[in-house]
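Rule-based calculations on the coordinates, nothing more; no lab input. On a predicted model such as this, the values are computed, not experimentally measured, just so you know. Positions of Cβ are generated from backbone atoms using ideal geometry, with glycine treated the same way; all protein chains shown enter the neighbour counts.
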Amino acid sequence: MYAISGHARVLGAILALGVLAGCAETAASPPPQVAMTTAPQLAGAWYQVEFETNKSDIDARGRMIVNTVANVVANNGATRVTVIGKTDRVGSATANLALSQRRADQVRDALVAAGVPAVRIDTRWTGEGLQQVATGDDIDEQRNRVVDITVVQQPR
């Protein structure tokens, strides 16, 4: 008869266990389930248009973002767009609230001009109230001078 070395026996046992473990895992694992929900689903992404200090003009990069959002919405009739204007803390809270409204209105108007139906756009503004980066008064922070744009898929 053939003599089997100790190393060969160990190797054979490892291979056998590996095969059995693979079979057991395959048999025991059910296919992944997809959760069904009626909540709005993100149709595109979250976008941000940035602004210069105390300005509400949309620059070239901002116009590209607006056109991207308009394209996402044009390709899906069940979407809604939320536009939220924000500011940093340079200036008074009252002036910043008005500035955030002008920024949100500018982005909304640009979206409408790019083909997004106005009835599918919700526009809000927060002034310096909802900052991405918390700062003290009169701190110039680019990341807070934005309009957030969110596109959501509405349930049918």
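Please label the shape of the range 41-153 as rounded, prolate or oblate, based on the square roots a ≥ b ≥ c of the eigenvalues of the alpha-carbon gyration tensor (a/c under 1.5 means rounded; beyond that, a/b larger than b/c means prolate, else oblate).
Details: a/c = 2.18, a/b = 2.01, b/c = 1.08.
Here the range 41-153 falls in the prolate category.
Pull up the DSSP beta bridges for the range 41-153 and report the antiparallel fraction as a percent, rounded to 5.
Working: 14 of 20 bridges.
Roughly 70 percent of the DSSP beta bridges within the range 41-153 come out antiparallel.
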**Study point:** Euclidean distance between Cα centres, the range 113-151 to the range 71-102, Å
**Key:** 4 Å
Point to revise | Label-to-label distance, nm, for residues given as Asp122 and Ala134 (7 Å Cα→Cβ offset) | key: 2.6 nm
